[in-house]
Every structure is written in C-alpha cells, then in structure tokens.
Amino acid sequence: MAAQAKRSRLEVDKNDSFEITTVEMHTAGDPLRIITSGYPEIKGETILAKRKYVTENLDYIRKLLMREPRGHTDMFGALLVTPDHEQADLAALFMHNGGYSVMCGHAVIALGRHAVDSGLVKIDTSTTSSVPVYIQCPCGLVKAMVDVTNGKSGKVKFTSVPAFAYAVDVKLPTKSYGEVTLDIGYGGTFYAFISDKELGLDVRKSSVSQLTSAAKEILEICREKVTVNHPEEPDLAFMYGCIITDGKDQFTKFQNELTREMCYYGKAGAVCRSPCGSGVTARIAVQHHKRQISLNQSREFESITGSTFTASPIQETKCGEFLAVLVEVEGLANYCGKATFSVEENDHFQEGFLVN
C-alpha cells in the first residue's frame with residue numbers, strides 16, 4: 001500500500017467546517033464526481049492558469065476526493081470554474097488519481113446533461129430539441145449537444161477540438177514484447193494506440209490485469225522514447241495514455257464492425273471503464289489520416305465493460321502544421337446520486353491513499 005498521507009493543511013488549520021458536495025454520475029460505466037460546492041477560491045485569468053493554481057495550491061483536495069477511502073484508483077472528477085472563453089457556458093478542470101487531465105470525453109458527456117438538468121444552461125422544457133452546451137476544457141472549447149425530450153435530458157454528442165495523427169507506424173523496443181509498432185494520436189490529449197496482436201494478447205479474452213500490465217509498459221516506453229509537441233499550446237504536450245485495440249481500424253462499407261479497446265491513462269495509472277471519449281477521438285483521427293475511415297462514416301467503439309460510444313469524423317481542419325479532423329462522439333451518462341464529503345481532525349488519511 002502507498003505510504004500514509006502526510007499531515008495536510010486541513011489538519012493544521014483544524015477546519016472542522018470543511019465540507020464539499022458533489023453530484024455523482026457515470027458515463028458508460030466510467031465515474032464522474034462533479035464538485036458543486038465547498039471548493040476554495042481558484043485564482044488565474046485563464047483555464048490553464050487555474051489548472052496550474054489548483055495543482056500548486058489545492059492538490060490536497062484532489063487527493064481527498066479521488067483516492068481511497070472517499071474515492072478509488074479509477075475515480076475521475078470535474079471541478080467547475082469560471083470560463084474565460086466568451087462562447088463557453090461553463091468551464092471544467094478534470095482530475096484523477098495522478099493529477100489533472102486537459103480533456104475528458106466521458107466527463108463532457110456527463111457535464112452536458114448536468115448543465116441542462118441543473119439549470120446552468122436554460123432550456124424550453126415544453127419542446128423536444130437538441131440543446132447546445134459549450135464547455136471550456138483546458139485543451140479548448142468543446143460543443144456538446146444534449147438531447148432533451150419533454151424537459152428530460154438524454155444522450156449527448158460532443159464535437160472535439162481539432163484531432164490529429166501525431167505519428168504512425170512508430171517502432172519501439174520493449175522488454176516484454178520485443179519490437180512493437182504503434183500509432184500516436186491527439187484527441188484533446190495524446191494517446192499511443194497498439195493492436196493486441198502486437199502484444200500477443202486478445203482485448204476481448206485477456207484479463208484486465210494482463211492488458212493493464214502491457215499498456216503500462218507501452219506507455220512508459222513511449223514517455224521515455226517519444227517526445228510529443230502540441231503546435232499551439234506547450235502545456236498540452238504530454239503522453240497521457242495507451243489504448244490497446246483489437247486492430248479493427250478499417251471501416252467497411254457493408255459491415256461497420258464493432259471495435260473494442262482498453263484505455264490506460266494518467267501518471268499513477270487508471271483504467272477507463274468507458275471506451276474513452278478523447279481516446280476514441282484520437283483513434284478516429286489516426287484512422288482518418290491512414291484513410292481507414294472517411295468523413296461522416298460512423299463507427300461504434302466498445303469498452304472492457306461492454307459499454308459503447310459512437311463516433312465519426314465530421315470535418316477536416318488544421319491544428320498548426322497538422323492536418324486534423326473534428327470528431328463527433330455520442331454516449332449516455334447517468335446519475336448515481338449526491339454526496340457530501342467532510343474531514344475529521346484526527347483522520348490520518350485526510351489526503352487519501354492508493355493501493356498499488
């Protein structure tokens with residue numbers, strides 16, 4: 001087990017009134033803890049400045065909410081902050097067990113419903129429509145379209161930031177699998193994509209522990225051997241995750257075959273229960289670059305839990321020097337409940353812990 005957490009400023013300040021409330025949701029099985037009240041003031045003029053401030057000054061709250069005993073290794077959270085983009089209805093910082101992400105598709109889908117249902121975005125409850133919700137993420141502005149029928153929200157589609165293939169057919173040496181070939185794509189953050197056949201595994205039959213071990217090794221070697229660069233924002237230039245796929249990347253006209261994948265992400269390592277919205281975005285971008293899928297062709301992506309997202313490239317664009325696409329991803333988020341978190345002065349795990 002990880003070492004016991006150090007004494008936090010919560011304990012030092014003896015802040016007995018510390019209390020944070022959340023709305024609990026999941027998208028295709030992947031959790032999202034939306035912080036609704038109790039978070040301290042966040043400084044910073046831009047969303048990336050706010051992300052930096054939270055990282056440097058308020059990280060103990062992320063640890064408290066994401067890690068055990070209040071969370072778990074694969075918990076994910078969203079903190080609503082004041083947007084600095086003029087089109088945005090809301091802005092969000094994303095957090096997990098190892099730090100802060102710059103994009104999360106499953107969170108955007110859940111936040112779309114939450115924005116409509118909580119009144120953050122006003123709607124006409126007497127009509128059936130698709131309601132736009134503009135969410136500023138650290139990677140850029142994302143448009144979510146929320147299906148609303150008789151005032152009740154449902155499925156959500158979001159349109160990604162420009163997504164692109166960063167490098168394809170990259171050959172890397174590994175200790176466990178010899179030389180492997182993989183692709184690297186960007187869908188709001190950078191992912192390595194590798195077929196299960198390259199690893200001697202089967203993403204449908206191999207255990208999650210086998211897949212996780214392989215993905216961890218591939219991600220580590222990518223971080224060591226590959227330097228990624230974002231053409232517009234240096235703070236976005238880091239390898240976030242590894243996605244093991246079944247290798248079924250080619251769209252076929254007569255049979256749009258379901259394709260399965262497992263996403264492992266973050267500094268401390270977590271496994272996505274959904275197909276991973278930003279990962280699906282990046283994978284579509286790589287497929288489009290390799291001419292395996294064309295504009296407006298739709299594919300269904302399956303996670304290790306059997307849940308699915310539908311995605312398609314809808315528009316060609318550019319991101320710096322990279323030819324890019326906008327990708328539309330559709331999924332369903334559900335509510336799990338609400339929670340209130342507090343901290344006692346004598347709690348030795350005020351900043352939580354992880355069991356490795």
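The values are calculated or read from the model by the stated rules, or taken from the named source; none is laboratory data. Here the structure is a predicted model, which means the values were calculated and not measured. So basically every Cβ, Gly included, is an ideal-geometry build from the backbone, and we count neighbours across all protein chains shown. With ligands, DNA and RNA removed, areas are computed over all heavy atoms of the protein, side chains included. Shrake-Rupley method; radii C 1.70, N 1.55, O 1.52, S 1.80 Å.
Here are the numbers for the structure shown:
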| read-out | value |
| --- | --- |
| Relative packing of peptides 115-122, 94-101, 335-342 - highest average C-beta neighbours within 10 Å first | 94-101, 115-122, 335-342 |
| Cysteines not pairable in the chain (beta carbon separation under 4.7 Å absent) | Cys104, Cys137, Cys139, Cys222, Cys242, Cys319, Cys336 |
| Taking only Cα atoms of the stretch 149-263, radius of gyration then Dmax in Å | 16.3, 56 |
| Top of Asp84, Asp124, Asp59 by mean-square fluctuation, Gaussian network on the chain, Cα under 10 Å | Asp124 |
| Sequence ranges 221-228, 277-284, 62-69, ranked by mean other-Cβ count within 10 angstrom, highest first | 277-284, 62-69, 221-228 |
| In order through the stretch 234-250: 3J(HN,Hα) via Karplus (6.51 cos²θ - 1.76 cosθ + 1.60), integer Hz, x for Gly, Pro | x, 5, 9, 8, 8, 6, 9, x, 10, 10, 8, 10, 7, x, 8, 9, 7 |
| Equivalent ellipsoid, the chain (semi-axes from 5 times Cα gyration tensor eigenvalues, Å) | 31, 26, 19 |
| The stretch 274-317-the stretch 59-134 distance, computed between alpha-carbon centres (Å) | 22 |
| Accessible surface of the stretch 161-329 [probe 1.4 Å, protein heavy atoms]: carbon and sulfur percent | 45 |
| For the stretch 109-243, size of Cβ-based charge dipole, Lys and Arg +1, Asp and Glu -1, in debye | 440 |
| Top of Ala333, Ala88, Ala107 by mean-square fluctuation, Gaussian network on the chain, Cα under 10 Å | Ala88 |
| Cα centre as origin, Lys/Arg/Asp/Glu Cβ charges: the chain dipole, Debye | 440 |
| Relative packing of 151-163, 308-320, which averages over residues the other C-beta atoms within 10 Å, highest first | 151-163, 308-320 |
| Most fluctuating residue given options Glu330, Glu19, Glu220, as computed from a GNM of the chain linking Cα atoms under 10 Å | Glu19 |
| Average silhouette area of the stretch 282-355, convex hull of alpha-carbon atoms, in square nanometres | 9.4 |
